[in-house]
Each structure stands twice: as C-alpha cells, then as structure tokens.
Amino acid sequence: MPRTPAENERIRQATREQILKAAMELFFTKGYHATSIEDIARLAEISKGLLYHYFKGKEDVLAALVDVRLNDLLVVMNAAAAKPTPVEQIRHIAEGALDDVRRQPEVFRFYLNLFTQPRLDPIVAKYSQKLMDEQAKQFEIQTQMFTELGVANPRQRSLYFSSTLQGIMLMFSTYPNTYPLDTVKAQVIAEFCVEPC
C-alpha cells in the first residue's frame, strides 16, 4: 500500500530534523569548517545524496539551524506579546526560555558557541549576526513590556532580566543534572513578574 501524503510529509520532516540534529552536534563539537557533509550524513545515518536532497550544502544546513532558532524565538515572543498584561508577558518569556533550555540544553550550548565564533569567519559571522539582529529587535519589544509595567529605567531592567535568563540557561546547560532550575525559575518569576510598588 503506498504512503499517504501525510505520511510522506512526516518522513520528510523527521529526516530533516535528523539532519539538523546531527549537524548541530558536529558543528558544536568539531566546528563548522571542520565538519563535512559526509560527517553530517554519517551521523544522521543517511546517504550523502539524500542529505543533498534536503540541503544544497553545509551553509544551507547552518542557515536552516539559524532559521529554526529564530522561529523558536518569535514563537515565544509573539505568544508573550499576546498576553494581556506586562506581568504575564514577562512571565511567559521567562518560562519559555527556561522550559526550552530544560528540554534542549544542547541547543542553547550550540547557539552560544555560534555567538562566540570568531568574527573573521565570514560564513559563521553572517549567521551569528542574523541571530543577534533578531535578538536585538526582540529585546526592544521586551523593553517595551517593562516600560508598560511601569518600572524605573525599563531598558536597564530589561537588560538585567535578559542577562539573568542567559546566565541561568548557561548554568543549566553546563550542569543539567545538578542545577536547581525550578528553584531559580521561581526566584526569577518572583523578582521580575510583579507590579512595581
């Protein structure tokens, strides 16, 4: 019996995700330039030809990884913006970021690694810059949430909030078995998700 279009699409998506997961692991452990298409295909357990069916080359794979991250960021921020109050918006951002790092600590480590790659590498720098540009846009939206919350110096508060989340995500992704994420998450919510006095 032939596959249904829905089953074919499910298989295509699963294969694409398998390729991206393998590429992320290799780019993180070996570096972008030291990783070959053959390496990615081998780790993904597919043929090199099949990989080329999904992606034109290694840069296309990196671009897809960045697009996935940008989409994840926009999903959280758009859902936060749809919340009725600034307190709920900020809480959604905190919970979204910390729940995401709990599910996928290796993803956070990969993107942190991408941000810290040398700027002299034009390919990696291009995609790192794309991520930074979108994060800067989302930071402005987040700052507006703190403005609407009525805090003193909303830009500084937003920066402190982002820095706190980044630090927590770094600690959890480094020590996923021992870091008290739930306790620290509760502290973040208690500190940032309240109306000012």
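Values for this structure:
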{"item": "The listed residue being surrounded by fewer than 17 Cβ atoms within 10 Å (Cβ to Cβ), modelled with pLDDT of 95 or more and farther than 16 Å from residue 27 by Cα, out of 129, 89, 156", "result": "156"}
{"item": "Cross-chain or 6+ apart pairs with Cβ under 6 Å, the range 177-196 first and on the phi < 0 side of the Ramachandran plot and surrounded by fewer than 12 Cβ atoms within 10 Å (Cβ to Cβ), then among the small types (Gly, Ala, Ser) and in a loop (DSSP other than H, G, I, E, B)", "result": "196/150"}
{"item": "Test: residue 161 is in contact with a Lys or Arg (Cβ under 6 Å, 6 or more places away or on another chain) and surrounded by 13 or more Cβ atoms within 10 Å (Cβ to Cβ)", "result": "no"}
{"item": "Helices (runs of 4 or more DSSP H) within the range 76-173 that include 1 or more residues among the polar types (S, T, N, Q), closer than 30 Å to residue 35 by Cβ and touching a helix residue (DSSP H, G or I) at 6+ places or on another chain (Cβ under 9 Å)", "result": "105-115, 122-149"}
{"item": "Counted residues, the range 22-63 - those being of a type in the set (D, E, K, R) and buried (at least 16 other Cβ atoms within 10 Å of the Cβ)", "result": "3"}
{"item": "Tabulated pairs, the range 67-92, first farther than 19 Å from residue 190 by Cα and in contact (Cβ under 8 Å) with a residue 24 or more places away in the chain, second charged (D, E, K, R) and loosely packed, with under 13 Cβ neighbours inside 10 Å, C-beta under 7 angstrom, 6+ apart or interchain", "result": "none"}
{"item": "Members of the range 49-70 found to be part of a helix (DSSP H, G or I) and farther than 20 Å from residue 28 by Cα, listed by number", "result": "49, 50, 52, 53, 54"}
{"item": "Residue 133 over 15 Å from the mean Cα position of the chain (by Cα), over 21 Å from residue 86 (Cβ atoms) and among the charged types (D, E, K, R)", "result": "no"}
{"item": "Checklist (1) more than 21 Å from residue 162 (Cβ to Cβ); (2) without any contact (Cβ under 8 Å) to a residue 12 or more places away in the chain applied to residue 103, failing item", "result": "(1)"}
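The values are calculated or read from the model by the stated rules, or taken from the named source; none is laboratory data. These numbers were taken from a predicted model, which means no experiment stands behind them. A quick note on method: Cβ atoms are made from the backbone with ideal geometry, for glycine too, and the neighbour counts reach across all protein chains shown.
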